[in-house]
Amino acid sequence: MNREEEIRSAVFYALIVIATCIAFGAMFVVIHEYIHSTTAYLMGHMQSPLDIVWGNLVTLDGWDEGVSYSTMFAAGQGVDAAIIAVMPLILHTVVVIGGLWLLLSGALVRKKWLFHITFWLVIVNLMELVAYMPVRAFSLHGDIGNINHGLSLSPWLLFLVLTPLILLGLYYLYGRVLPRMYVIVDGGSHLVQYVILIFSAFYLFLFRGSIHNALSFSPGMEWLTGLFGYAAFIVVLYFCRPGMPGVIEAEKKFTEGMNRGE
């Protein structure tokens with residue numbers, strides 16, 4: 001592949017990635033809000049599960065489930081509020097775990113576009129989890145704030161319990177799955193590999209939460225936890241970039257196993 005073909009291939013794949021992330025992001029933000037509203041409806045706290053507030057399908061801003069958490073808190077129904085708040089996060093967790101398992105199982109190693117779809121499906125859902133933990137771990141509002149308030153939990157509890165689990169998921173994604181993604185999808189192009197790396201890291205760590213939180217300089221902890229996204233973005237770009245010895249070794253090991261039919 002000459003340089004011109006490599007650039008064309010990278011630009012083409014970047015456009016595919018953007019379209020994929022917009023489509024999955026729009027789909028899951030709608031699902032996320034409807035899970036909130038449907039749970040509230042089934043628990044008797046909402047007249048209709050269709051009464052969500054629609055926002056921007058591209059930036060994912062402006063969305064709201066339309067649930068009156070303040071009414072529940074005032075009525076002493078904090079546990080109900082916490083249940084309603086946590087349900088979409090459970091969905092995102094299931095999708096991430098299932099997606100990582102599928103990507104590591106070997107079932108998709110010779111199915112480039114299914115591997116592509118599953119990889120970015122994991123990215124979009126893991127982004128939601130990263131945006132809440134650790135980036136919004138100390139928020140007094142939103143899903144995490146409602147969970148902590150509803151269950152009378154210290155923000156430190158969820159932060160200390162869930163952040164290591166998020167880091168474990170990131171280890172599997174970037175340490176185990178990304179080299180496979182490079183081999184299966186890149187078509188022999190380092191530029192395509194950089195597209196995968198940069199877009200995935202930006203979407204995961206900066207697209208939602210970190211950019212706003214880190215620059216807000218609020219008196220609470222949100223601006224500090226927002227710095228996690230910037231730190232993670234830099235670390236991932238440095239250690240997972242194409243050509244790094246660890247990345248090359250992981251690619252070689254995976255390629256040898258794939259050729260043996262493992």
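The values are calculated or read from the model by the stated rules, or taken from the named source; none is laboratory data. These numbers were taken from a predicted model, which means no experiment stands behind them. Note that we place each Cβ from the backbone using ideal geometry, even for glycine, and neighbour counts take in every protein chain shown.
Checking the structure you have, find out if any residue of region 139-149 is in a helix (DSSP H, G or I), over 20 Å from residue 33 (Cβ atoms), touching a helix residue (DSSP H, G or I) at 6+ places or on another chain (Cβ under 7 Å) and not polar (S, T, N, Q). Checked region 139-149: no residue is in a helix (DSSP H, G or I), over 20 Å from residue 33 (Cβ atoms), touching a helix residue (DSSP H, G or I) at 6+ places or on another chain (Cβ under 7 Å) and not polar (S, T, N, Q). Listed here are the helices (runs of 4 or more DSSP H) enclosed by region 1-112 that have at least 3 residues being under 17 Å from the mean Cα position of the chain (by Cα): 3-42, 78-105. Scanning region 105-119 for residues that are closer than 23 Å to residue 236 by Cα, surrounded by fewer than 24 Cβ atoms within 10 Å (Cβ to Cβ) and among the aromatic types (Phe, Trp, Tyr) returns a single hit, 115.
Here's the yes/no breakdown for (1) hydroxyl-bearing (Ser, Thr, Tyr); (2) in a helix (DSSP H, G or I); (3) more than 21 Å from the chain's Cα centre (by Cα):
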| residue | (1), (2), (3) |
| --- | --- |
| 158 | no, yes, no |
| 165 | no, yes, no |
| 174 | yes, yes, no |
| 178 | no, yes, no |
| 183 | no, yes, yes |
| 187 | no, no, yes |
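I'd like to check something: does region 154-165 contain any residue that is surrounded by fewer than 20 Cβ atoms within 10 Å (Cβ to Cβ) and within 20 Å of residue 244 (Cβ to Cβ)? Within region 154-165 (the criterion being surrounded by fewer than 20 Cβ atoms within 10 Å (Cβ to Cβ) and within 20 Å of residue 244 (Cβ to Cβ)), the answer is no, since none of the residues qualifies. Determine whether region 68-80 contains at least one residue that is over 30 Å from residue 180 (Cβ atoms) and touching a Leu at 6+ places or on another chain (Cβ under 8 Å). Yes: one or more hits.
Taking helices (runs of 4 or more DSSP H) as the structural unit, those lying wholly within region 190-262 and holding at least 2 residues that are at pLDDT 85 or above correspond to 190-205, 222-239, 245-259.
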